[in-house]
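Asks: Can you keep this structure in mind? I'll have questions shortly.
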Amino acid sequence: MDEGLPASPDGPLAGRRIIVSGAATGIGAAAVACFTEAGARVVGLFHHTRPSDELERSCAWVQCDARDRGSVEDAFDAAVQILGGLDVLLHAAGVWRPSTPETLTEDELTLVLDANLRTTVLTNQAAFARMRGGGGQIVNLGSGEAIRGNPMAPHYAAAKAGVQAWTRSAATAWGPHGVTVNALAPAMATPGAERLWEHLGPDAATAFRDRLRQTMPLRGELGDPRADLGPVMVFLAGSGARFMTGQLLAVNGGLQMLGA
C-alpha cells in the first residue's frame, strides 16, 4: 500500500518514525490519526480488517499476522524500509472474548493468549532488534483487568497480566540500550467494549453503564480513544517520556487507580 500523506514538519512528533500494530480499528486507529497529526511518519499494521478509506490515506500500511514470527519480521522489515528506521512501536493488536473460569476451553485460552500476549512478545522483540543501536520507545496495551481480574473474561485478564509482566521485564533488560517499554491501561469506547455490551445483553449492559456513572469519577462513561487517550499516546511516543519505563499507566477516568 502507498506511503500515505506527508507528516507535518511542525508537530511534537515531527521526524519520529512509528509503527502501530492493530492499526485499522479502535485504539490503533486513534493512534495512527493522532501520531500523523503530531507530525510523525507512521506505518500501520493490519491483519484481516483493513483500514477505512480515510485512514488508509493517512499513512503507509503493511499486512501482518502479529501471532506469527515470520510475518512480524517481514512486516517490520517492510515498515523500516518505508520509514528509514524506527523510533516508536505502539502495539495495539489484541482481542477481547467472553468466557468464565469454569467454562473456558483450551481453544478460547489459546486464541486470547496468542492475540494479546504472544503478539506483544513478538512485536516487541522485532522493534527492539531494530532500535537497540539507537534507542527507542515501545508502548504496549495493557489493562486494569490484569490487576483486578475479570470473571467474564479470565483468559483476557491473564493475558494482560502477562503483558504487564513482560513490559516490566523487557524494560529492565532493554533500558541499558536506550529502549523504554511502557504499557497503557485504558477504559475506552472501542469495538472490544461493544462486544462486551453485546455479550451482556441490553438489561445487563444498561446496569453496567449505570455502575460506571457511579464509580468513574471523571465523566462516568468510557473515554474516546482519540480525544482522551490520543494525547497520552503522543506523550509516550515523544521526548517527554524518555525517562519513564516499565510503567502501567491508567487512562480510565479514575475507574481504577493503579498507583499505590
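Asks: Consider a paramagnetic label point 7 Å from the Cα of A165 along Cα→Cβ; state which residues of region 68-105 have an amide N under 13 Å from it.
Replies: Those under the cut-off are none; the list is empty.
Asks: Looking at region 101-260, send over the antiparallel percent of its DSSP beta bridges, to the nearest 5.
Replies: Counting DSSP beta bridges with both partners in region 101-260, the antiparallel share is about 0 percent.
Asks: While we're looking at this one, here's another question. Measure off 7 Å from each Cα along the Cα-to-Cβ vector at H177 and T100, then give the distance between these two points in nanometres to one decimal.
Replies: 4.5 nm
Asks: Follow-up question, since we're still on this one. Write down the accessible area per residue of region 4-70 in Å², having rolled a 1.4 Å probe over the full set of protein chains.
Replies: Computed with neighbouring chains in place, this is 44 Å² per residue.
Asks: Semi-axes, largest first, in whole Å: what does sqrt of 5 times each Cα gyration tensor eigenvalue give for region 40-156?
Replies: Output for region 40-156: semi-axes of 29, 16, 13 Å.
Asks: Applying 1/(1 + (r/R0)^6) with R0 = 30 Å to the Cβ-Cβ distance of R132 and L111, what FRET efficiency is obtained, to the nearest 0.05?
Replies: So the FRET efficiency works out to roughly 0.45.
Asks: Could you give the length gained by full extension between D77 and R195, i.e. 0.36 nm per residue of separation minus their alpha carbon distance, to one decimal place?
Replies: Length gained, D77 through R195: 39.1 nm.
Asks: In region 152-260, which chymotrypsin sites (Phe, Trp or Tyr not before Pro) are in a loop and have at most 12 other Cβ atoms within 10 Å, using DSSP for the loop call?
Replies: Qualifying residues, ordered by number: F243.
Asks: While we're looking at this one, here's another question. Could you look at region 17-64 and say what percent of its accessible area is carbon and sulfur, using a 1.4 Å probe and all protein chains?
Replies: 44 percent
Asks: Now for a separate question. DSSP loop GluC sites (Glu not before Pro) in region 92-166 with at most 13 other Cβ atoms within 10 Å of their Cβ, which ones?
Replies: For GluC sites (Glu not before Pro) across region 92-166 that sit outside H, G, I, E and B with at most 13 neighbouring Cβ atoms in 10 Å, the list reads E102.
Asks: Which of the following values of Kirkwood radius over Cα pairs in Å was calculated from the structure shown: (1) 19.0; (2) 17.8; (3) 18.4?
Replies: Among (1) 19.0; (2) 17.8; (3) 18.4, the one calculated here is (3).
Asks: Related question: Report P(r) for region 22-81: all Cα-Cα distances, bin width 10 Å, range 0 to the bin holding the largest distance, values in whole percent.
Replies: Final binned percentages: 25, 55, 20, 0.
Asks: Which value in deg cm²/dmol, rounded to the nearest 500, describes the helix-derived mean residue ellipticity at 222 nm for the chain, given -39,500 (n - 2.57) per DSSP H run of n ≥ 4 and division by the residue count?
Replies: -12500 deg cm²/dmol
Asks: With N residues in region 130-227, what two-decimal value do you get for its Cα radius of gyration over 2.2 N^0.38 Å?
Replies: Against the empirical 2.2 N^0.38 Å value, I get 1.33 for region 130-227.
Asks: Follow-up. Just check region 1-102 against the gyration tensor rule for me: Cα atoms, a ≥ b ≥ c as the square roots of the eigenvalues, rounded for a/c under 1.5, and otherwise prolate or oblate depending on whether a/b exceeds b/c.
Replies: Cα axes put region 1-102 in the prolate bin.
Asks: Report the residues of region 11-49 in range of a label on S239: point 7 Å along Cα→C-beta, backbone N strictly under 20 Å from it.
Replies: 11-19, 35-42
Asks: Just the number please: accessible area per residue for region 164-260, 1.4 Å probe, all protein chains included, in Å².
Replies: For region 164-260, the solvent-accessible area averages 54 Å² per residue.
The values are calculated or read from the model by the stated rules, or taken from the named source; none is laboratory data. A quick note: this is a predicted structure, and the numbers were derived from the prediction, not measured. Neighbour counts are summed over all protein chains in view; Cβ atoms, including those assigned to glycine, are modelled from backbone coordinates with ideal geometry. Side chains are part of the model used for accessible areas, which takes the heavy atoms of the whole protein and leaves out ligands, DNA and RNA. Shrake-Rupley method; radii C 1.70, N 1.55, O 1.52, S 1.80 Å.
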